[in-house]
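First comes the structure, then the notes that go with it.
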Amino acid sequence: MKTAEIKQSRFELRLSVEDRLFFEKASLISGYKTLSSFVISAIREQSKKIISDKEQILASQKDKEIFFNAILSNVEPSEKLKQASKKYLELQSTK
């Protein structure tokens, strides 16, 4: 079985001369062999951060919704939760 061929696509970008020189300098200082590899690496890292931040916000919003739904519901606490609360309060009163 042959190894799957990695498909690549082209992405063009127009830069000012100043930006290109600036990015090439950063690329060389960072040890990248080409400007393309530097740009890909920088974009990948920034993309990971953006996606992670957004996913964290969405998870936080979902957690907030679950928390407030639990607090505002009229559901009676379970016996286990009542026992845990009683034990916690007893431990706090001995301090």
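Just so it is clear, none of the values below were taken in a lab; they were calculated from the coordinates. From a predicted model like this one, the values you see are computed outputs, not experimental measurements. We place every Cβ from the backbone using ideal geometry, glycine too, and count neighbours over all the protein chains shown.
Could you tell me whether region 54-95 comes out rounded, prolate or oblate from its Cα gyration tensor? Rule is a ≥ b ≥ c as square roots of the eigenvalues, rounded for a/c under 1.5, then prolate if a/b exceeds b/c, otherwise oblate. Oblate is the answer for region 54-95, as a/c is 1.5 or above yet b/c matches or exceeds a/b. Between amide H atoms placed 1.01 Å from N, distances below 5 Å from residue 32 occur with no residue 5 or more places distant or on a separate chain.
Subtracting the Cα-Cα distance of residue 20 and residue 49 from 0.36 nm times their residue separation leaves 8.1 nm of extension gain. Of the residues 46, 31, 56, the one whose Cα sits farthest toward the positive end of the charge dipole of the chain, with +1 on the Cβ of Lys and Arg and -1 on the Cβ of Asp and Glu, is 31. About its Cα centre, region 17-93 has a charge dipole of approximately 200 debye under the convention of +1 per Lys or Arg Cβ and -1 per Asp or Glu Cβ, with nothing else charged. Considering only 21, 35, 81, the Gaussian network model of the chain with Cα springs below 10 Å gives its largest mean-square fluctuation to 81.
With springs only between Cα atoms under 10 Å apart, run a GNM on the chain and tell me which of 80, 62, 49 wobbles the most. Largest GNM mean-square fluctuation: 80. Quick check: from the Cα gyration tensor, does region 1-68 come out rounded (a/c under 1.5), prolate or oblate? Oblate shape, in that a/c is at least 1.5 and b/c is the bigger or equal ratio.
A straight chain from residue 91 to residue 75 at 0.36 nm per residue would run longer than the Cα-Cα distance by 3.2 nm.
Of the residues 55, 45, 18, the one that moves most in a GNM of the chain with alpha-carbon contacts below 10 Å is 18.
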